[in-house]
Ligand SMILES: NC(=O)c1ccc[n+]([C@@H]2O[C@H](COP(=O)([O-])OP(=O)(O)OC[C@H]3O[C@@H](n4cnc5c(N)ncnc54)[C@H](OP(=O)(O)O)[C@@H]3O)[C@@H](O)[C@H]2O)c1
């Protein structure tokens, strides 16, 4: 033991600069990682007797959000498109939360029929809905159409959730105070709504499409808040951070190998799904947000959305366009 301590001492004395560099860099990197992990929702709010529906809850931040909602005592509905993955996730969520009241329902946001069928099912089986979390998302896929012929990212990320929310509004109004949480992204900041070519048929670019769909989430949240004023149904949009999930499943494999290798070290700085779920949870339960609606959050704090995300005329125009696309009166 004596020899070992002596050897370490000698090594440190001989390589003083190197050891100091490694230590400072290591501590710095961990501090940076901790800082990038962002805020944590500290609310102890309980959700006993309440019902929460989360779209895309079989993986990623949706699953972590579901675990948290279940731990708070809610009945949690996982609205997912792959029943095998969803049932496996439900088992895990029941186990981790100790709450058996976790159910799975079928929802493919790329099909308006599926959205309508889920809403019908929820009306038949649930007598309340306290929190709707529009979380499911698809990012940077190749050109692709939904069952109804809409561009996939706009169709899934915005139109499917737009219809679902509208079809569940009566139940949310019956369960006030209730909340609608839309998981958007920082990507909305460079987004634009292409009103003259909403399906990007003239010139499809996968990132342009993702940005448009995430800006639509912010504008939808804003217009919904205006329409729900005085009802005690409140709405929230958010950026969850940059998180290690399956969201890159379409574009990551299509990157050249050298680029994939280059980005691997950056994975160390990404949020975990638990960390990525914190702002969604904050918007869903934090007591301080009870009387605010239509705003945008990041790292468990209010953040100003980009100017195009605060454009009320564009929000109304998008609402009208979306309503006509999904066949809502
Ligand atoms: N990860 C990030 O860094 C990041 C950053 C900013 C914003 N976001 C947003 O966070 C949300 C959650 O993403 P995540 O990172 O947790 O990604 P993820 O791990 O890929 O999870 C996405 C979820 O959405 C579901 N989904 C996709 N298409 C669907 C469809 N047509 N119908 C129903 N469900 C569908 C997926 O189901 P399957 O498993 O069956 O495909 C999955 O459950 C998304 O809205 C995303 O835009 C994420």
Which numbered condition residue 60 misses (of (1) free of Cβ contacts under 8 Å to residues at least 40 places away in the same chain; (2) within 15 Å of the ligand (Cβ to nearest atom)): (1)
Residue within region 169-183 that is within 15 Å of the ligand (Cβ to nearest atom), closer than 26 Å to residue 225 by Cβ and over 20 Å from the mean Cα position of the chain (by Cα) present: no
Residue check for residue 186: modelled with pLDDT of 95 or more, within 16 Å of the ligand (Cβ to nearest atom) and touching a strand residue (DSSP E or B) at 6+ places or on another chain (Cβ under 6 Å): yes
Counted residues, region 105-131 - those being surrounded by 15 or more Cβ atoms within 10 Å (Cβ to Cβ), over 20 Å from residue 285 (Cβ atoms) and away from the ligand (no atom under 12 Å from the Cβ): 5
Every residue from region 219-245 that is within 16 Å of the ligand (Cβ to nearest atom) and either farther than 18 Å from residue 151 by Cβ or part of a loop (DSSP other than H, G, I, E, B) (or both): 221, 235, 236, 237, 238, 239, 240, 241, 242, 243, 244, 245
Breaking point among (1) within 13 Å of the ligand (Cβ to nearest atom); (2) out of contact with any helix residue (DSSP H, G or I) (no Cβ under 9 Å at 6 or more places or on another chain); (3) assigned to a loop (DSSP other than H, G, I, E, B), for residue 252: (2)
Filter result for the condition that a residue is at pLDDT 95 or above, farther than 20 Å from residue 279 by Cβ and away from the ligand (no atom under 16 Å from the Cβ), over 28, 73, 84: 73
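The values are calculated or read from the model by the stated rules, or taken from the named source; none is laboratory data. Everything numeric here is computed off the predicted structure, so don't read it as measured data. Glycine also receives a Cβ, built like all others from the backbone with ideal geometry; neighbour counts cover every protein chain displayed.
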